[in-house]
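Laboratory data are not the source of any read-out in this text; all were calculated from the coordinates shown. The model shown is predicted, which means the values in this text are computed figures rather than measured ones. Every residue, glycine among them, receives a Cβ derived from its backbone with ideal geometry; neighbour counts consider all protein chains shown.
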Amino acid sequence: MGVAHVDGQGRVRVPVVEVHQGVETVALGGLHTVQTLGTFFDGVARHTEEARRWVESFDDKGFRNVIRERDAPWQDYGEAPRG
């Protein structure tokens, strides 16, 4: 890796590699954290007793009806009143 230095005109010169690493650390570091937390919470949500019962209800009510019941209170995915 190079070293930052001041050139003859008083400008600080930083090697491109270090700039890229800094951008990745700041910008992508936050993204990586969000992705990691998203994966973690997705796993937690899928392995609760409530989630297991919800999946089991597909056999009794059918997939479409279970999804319709889930979405209807928020009028999501075509559940808005027609007309």
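With unit charges on the beta carbons (Lys and Arg positive, Asp and Glu negative) and the dipole taken about the Cα centre of the stretch 30-83, which residue among ALA72, VAL44, SER57 sits farthest to the positive side?
Working it through, the farthest residue towards the positive pole turns out to be ALA72.
Test of understanding: what is the full-extension gain from GLN9 to THR36, defined as 0.36 nm times their sequence separation minus their Cα-Cα distance?
Numbers: separation 27, 0.36 × 27 = 9.72 nm, distance 4.41 nm.
Additional length available on full extension: 5.3 nm.
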